[in-house]
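Peer 1: I'd like to ask some things about the structure below.
The values are calculated or read from the model by the stated rules, or taken from the named source; none is laboratory data. Computed from a predicted model, the values in this text were never measured in an experiment. Cβ: placed from backbone, ideal geometry, glycine included. Neighbour counts: every protein chain shown.
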Amino acid sequence: MRIPYYQVNAFTSRNFGGNPAGVCLLDSWLPDPLLQQIAAENNLSETAFLVPHDSFFDLRWMTPEAEVDLCGHATLAAAHVLFFEKKLPWNEVPFQTASGRLTATRREGAIELDFPSRPAEPCVVPEALLRGLRAMPREVLKSRDYLAVFESAAQVAAISANFDLLAGLDCLGTIVTAPGVDVDFVSRFFAPQVGVPEDPVTGSAHSTLIPYWARRLGKTELRARQISKRQGELACRLLGDRVGISGTAVVYCRGELDVL
């Protein structure tokens, strides 16, 4: 069996930047253990798997170790492949996912993802989080992920995390964030729990970052940068109980996977 496959750098306009995602175009679902083997073999932070229907696509995301409930950069990568490689003649593509119905829309040279808003709430701060970050945030909140807020982008950039300690937390990952200098806010994201020590650019984390920074800055349109080594740029909108996350992507390679 040969599966059409693309590797796409998301939330960037250049290769060797942004977050690489695999995109597998399936005719129908393969067994879950085989999907997980493919994701592990690809060894990217996420691989997206797509199955077409008449008016939408089923979409699932897997890290090298586990399936996740929401992934922004692999969704952007999948939409980019459908729009620009497969020439899908739609301006909006709906996806049915573990997080409900999501859409990707062509908008002013970019693709905007319509995602759920996941505001973070006050929480008890685990000692392992502070020891794992080796830094003291000004506040810690929690949604799907822990959200650790710092005073400056320099503090976020300087974090050298202990991934063994962070892997033991009761969450999918840990977001660290601070005000930006030439953007509204910056962030980094650690998810050693699912085999991703540091994710280069994390769209799903912005489901939590956008409502936090929209409330704190008093604005609903924001510019964001994830300051990993590869870096990524995101345009963000708060849309009530949804968020809009926009970016561009670049195809790095096209080919086939020979899996059986």
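Peer 1: Tally up the residues in the range 99-116 that are in contact with a Leu (Cβ under 7 Å, 6 or more places away or on another chain) and either free of Cβ contacts under 8 Å to residues at least 60 places away in the same chain or more than 21 Å from residue 249 (Cβ to Cβ) (or both), please.
Peer 2: Matching residues across the range 99-116 total 3.
Peer 1: Out of the residues in the range 107-126 that are over 19 Å from residue 223 (Cβ atoms) and in contact with a helix residue (DSSP H, G or I) (Cβ under 9 Å, 6 or more places away or on another chain), which is surrounded by the fewest Cβ atoms within 10 Å (Cβ to Cβ)?
Peer 2: It comes out as 116.
Peer 1: Can you spot a residue in the range 229-252 that is among the aromatic types (Phe, Trp, Tyr), at pLDDT 95 or above, surrounded by fewer than 21 Cβ atoms within 10 Å (Cβ to Cβ) and over 18 Å from residue 71 (Cα atoms)?
Peer 2: yes
Peer 1: Another question about this same structure. Here are 34, 25, 82: which of them is in contact (Cβ under 8 Å) with a residue 40 or more places away in the chain, more than 20 Å from residue 191 (Cα to Cα) and touching a Leu at 6+ places or on another chain (Cβ under 7 Å)? Working first, answer last.
Peer 2: Values: 34 fails: touching a Leu at 6+ places or on another chain (Cβ under 7 Å); 82 fails: in contact (Cβ under 8 Å) with a residue 40 or more places away in the chain.
Being in contact (Cβ under 8 Å) with a residue 40 or more places away in the chain, more than 20 Å from residue 191 (Cα to Cα) and touching a Leu at 6+ places or on another chain (Cβ under 7 Å) holds for just one of 34, 25, 82, which is 25.
Peer 1: Do we have any residue at all in the range 29-41 that's of a type in the set (D, E, K, R) and in contact with a helix residue (DSSP H, G or I) (Cβ under 9 Å, 6 or more places away or on another chain)? Don't jump to the end; show me each part of the working.
Peer 2: Of the range 29-41, the ones of a type in the set (D, E, K, R) are 32, 41.
Checking the rest, the ones that are also in contact with a helix residue (DSSP H, G or I) (Cβ under 9 Å, 6 or more places away or on another chain) come to none.
Within the range 29-41 (the criterion being of a type in the set (D, E, K, R) and in contact with a helix residue (DSSP H, G or I) (Cβ under 9 Å, 6 or more places away or on another chain)), the answer is no, since none of the residues qualifies.
Peer 1: Residue check: is residue 46 surrounded by 22 or more Cβ atoms within 10 Å (Cβ to Cβ), within 22 Å of residue 144 (Cα to Cα) and modelled with pLDDT of 95 or more?
Peer 2: So residue 46 fits the description; yes.
Peer 1: Suppose we filter 40, 74 for residues that are over 20 Å from residue 260 (Cβ atoms) and in contact (Cβ under 8 Å) with a residue 24 or more places away in the chain; which single one remains?
Peer 2: Working: 40 fails: over 20 Å from residue 260 (Cβ atoms).
Just one listed residue meets the conditions, 74.
Peer 1: Further, regarding this structure: Listed residues 40, 66, 79; which is among the small types (Gly, Ala, Ser) and crowded, with 22+ Cβ neighbours inside 10 Å?
Peer 2: On inspection, the qualifying residue turns out to be 79.
Peer 1: Can you tell me which residues in the range 28-65 are in a strand (DSSP E or B) and either assigned by TED's automatic domain parsing to the domain that holds residue 201 or among the hydrophobic types (A, V, I, L, M, F, W, C) (or both)?
Peer 2: Correct list: 48, 49, 50, 51, 57, 59, 61, 62.
Peer 1: Among (1) free of Cβ contacts under 8 Å to residues at least 60 places away in the same chain; (2) more than 22 Å from residue 121 (Cα to Cα), there is one condition residue 231 misses while meeting the rest; what is its number?
Peer 2: Residue 231 satisfies every listed condition except (1).
Peer 1: Continuing with this model, one more query. Assess whether residue 152 counts as being more than 30 Å from residue 220 (Cβ to Cβ) and not assigned by TED's automatic domain parsing to the domain that holds residue 48.
Peer 2: Considered against the rule, which asks whether it is more than 30 Å from residue 220 (Cβ to Cβ) and not assigned by TED's automatic domain parsing to the domain that holds residue 48, residue 152 comes out as no.
Peer 1: Right, another one. Give just the number: which of (1) within 24 Å of residue 199 (Cα to Cα); (2) aromatic (Phe, Trp, Tyr); (3) touching a Leu at 6+ places or on another chain (Cβ under 7 Å) does residue 6 not satisfy?
Peer 2: Status for residue 6: all satisfied but (3).
Peer 1: For the range 83-93, does any single residue satisfy the condition of being surrounded by fewer than 22 Cβ atoms within 10 Å (Cβ to Cβ), aromatic (Phe, Trp, Tyr) and part of a helix (DSSP H, G or I)?
Peer 2: Of the range 83-93, the ones surrounded by fewer than 22 Cβ atoms within 10 Å (Cβ to Cβ) are 83-92.
Now drop any that are not aromatic (Phe, Trp, Tyr), which leaves 83-84, 90.
Checking which are part of a helix (DSSP H, G or I) leaves us with 83-84.
Yes, the conditions are met somewhere in the range 83-93.
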